[in-house]
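Have a look at the structure below before the remarks.
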Amino acid sequence: MRICVFGAGAIGGLMAAKLAAKGDAEVTLIARGPHLAAMRQNGLVLRSEGTETVVHPRCVASAEEAGPQDYVIVTLKAHSLPSAAQQMQPLLGPETAIVSAVNGIPWWYFHKHPGGLYEGHRLASVDPDGSVWRLLPPERAIGCIVYPAAEVVEPGVIEHTYGDRFTLGEPDGSRSARVTAISEALIAAGFKAPVRPRIRDEIWVKLWGNLAFNPISALTTATLDVLIADPGQRAVARAMMVEAQGVAEALGIRFAIDVDKRIAGAAEVGAHRTSMLQDLERGRPMEIDALLGVVVELAALVGRPAPTCETVLALVRGRARAAGCYG
């Protein structure tokens, strides 16, 4: 099995390191700059649970060098995907599957949508010109929800802080041979990798917190514990989540927990700086559209009100533009 990780940062590096350590797959990482140089010279170092593992997967600078793969695991930030789609073409053989381990609502969301609701609809928030849908055809996609947390602490070195689950699912809900095979490979590497028939439900449960906590934290600079403990910020987050739940349920999503349990679960994470806040502080592009812009877009599509989401979206876009982190 040939597996390529495209976007070999923290999560991609974690997956690649454990898959390579198992040794059953031919693992290739596409990286660049000091990170690529360090992995080529010293191997890929994974620090996890008090141990350090060094593996030596194939590390290359381009898709052309990597060649066609059986699976391409995409671990980019969502806003990077439109520009990366063309670069990925040499990886795609006739049967190559794309494991979409990207935060937020994915470009393939309305491919094989249950009940045919909005079948084939393309989301401008995540695929502005339709190029991702065209270049990475949705029939190649396998959904993947990322739960672990990891960080590139120095070039070539990944520190895994918590979590070991990557939930998988076909857009049509089937348990295909290809999703079963990648699930088994990830399980053999030491991850939990269940295959779910309703992958979109799980996409929304993860997004549910991200769509509110990420932009609010970017506006207030609060860590997650402070945000949730503050009555005002918590109330805004809860209002956004309730609006988003209405949008999701109009699309057939079933929530297994209620909004207050979801907030309570986030509170247990503690003094966490959200990814959007980290990106703002470091002057990097922020995942605004895949986490919140798309929710507002979907609200308009299904005719559901989302005034709090719209307000926070306008504010966080303005904050990001002022910092040079958006648009």
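The values are calculated or read from the model by the stated rules, or taken from the named source; none is laboratory data. Computed from a prediction, not measured in an experiment: that's the story for all the values here. So basically every Cβ, Gly included, is an ideal-geometry build from the backbone, and we count neighbours across all protein chains shown.
Annotations for the structure displayed:
- Output for region 260-282, where each listed residue is among the aliphatic types (A, V, I, L, M) and in contact (Cβ under 8 Å) with a residue 40 or more places away in the chain: Ile263, Ala266, Ala267, Val269, Ala271, Met276, Leu277, Leu280
- Matching residues in region 45-54 - criterion: being free of Cβ contacts under 8 Å to residues at least 60 places away in the same chain and either aromatic (Phe, Trp, Tyr) or in contact with a strand residue (DSSP E or B) (Cβ under 8 Å, 6 or more places away or on another chain) (or both): Glu52, Thr53, Val54
Yes/no per residue for (1) surrounded by fewer than 22 Cβ atoms within 10 Å (Cβ to Cβ); (2) farther than 23 Å from Lys77 by Cβ; (3) in contact with a Gly (Cβ under 8 Å, 6 or more places away or on another chain):
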| position | (1), (2), (3) |
| --- | --- |
| Ala16 | no, no, no |
| Lys22 | yes, yes, yes |
| Met39 | no, no, yes |
| Leu46 | no, no, yes |
| Arg58 | yes, yes, no |
| Ser62 | yes, no, no |
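- Matching residues in region 74-99 - criterion: being touching a strand residue (DSSP E or B) at 6+ places or on another chain (Cβ under 9 Å), part of a strand (DSSP E or B) and more than 23 Å from Leu291 (Cα to Cα): Leu92, Gly93, Glu95, Thr96, Ala97
- Top-ranked residue in region 154-169 [being charged (D, E, K, R) and without any contact (Cβ under 8 Å) to a residue 40 or more places away in the chain; ranked as surrounded by the fewest Cβ atoms within 10 Å (Cβ to Cβ)]: Arg165
- Of the listed requirements (1) among the hydrophobic types (A, V, I, L, M, F, W, C); (2) more than 17 Å from Val295 (Cβ to Cβ); (3) assigned to a loop (DSSP other than H, G, I, E, B), Val102 misses just one: (2).
- Scoring Ser125 on the criteria (1) surrounded by fewer than 16 Cβ atoms within 10 Å (Cβ to Cβ); (2) in contact with a helix residue (DSSP H, G or I) (Cβ under 6 Å, 6 or more places away or on another chain); (3) of a type outside the set (A, V, I, L, M, F, W, C) leaves a single failure, condition (1).
- For His121, the conditions (1) at negative phi; (2) under 19 Å from the mean Cα position of the chain (by Cα); (3) in a loop (DSSP other than H, G, I, E, B) are fulfilled apart from (2).
- With respect to the conditions (1) touching a strand residue (DSSP E or B) at 6+ places or on another chain (Cβ under 6 Å); (2) surrounded by 14 or more Cβ atoms within 10 Å (Cβ to Cβ), Leu227 falls short on a single one, namely (1).
Condition check ((1) aliphatic (A, V, I, L, M); (2) touching a residue at least 60 places away in the same chain (Cβ under 8 Å)) across all residues:
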residue: Gly43; (1), (2): no, yes
residue: His56; (1), (2): no, no
residue: Cys59; (1), (2): no, no
residue: Ser62; (1), (2): no, no
residue: Gln69; (1), (2): no, yes
residue: Ile73; (1), (2): yes, yes
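- Test: residue in region 87-95 that is buried (at least 17 other Cβ atoms within 10 Å of the Cβ), under 18 Å from the mean Cα position of the chain (by Cα), assigned by TED's automatic domain parsing to the domain that holds Thr53 and closer than 25 Å to Ala17 by Cα: yes
- Unique residue being within 24 Å of Arg317 (Cβ to Cβ) and in the same structural domain as Thr308 (by TED's automatic domain parsing) when the list is Ala229, Ala256, Ala244, Ala250: Ala244
- Some residue of region 175-185 being in a strand (DSSP E or B), among the charged types (D, E, K, R) and under 26 Å from Leu44 (Cβ atoms): no
- Candidate set from region 250-281 (those that are of a type in the set (Gly, Ala, Ser) and within 25 Å of Phe110 (Cβ to Cβ)); member that is surrounded by the fewest Cβ atoms within 10 Å (Cβ to Cβ): Ala256
- Test: Ala150 is at pLDDT below 95, within 30 Å of Met39 (Cβ to Cβ) and not charged (D, E, K, R): yes
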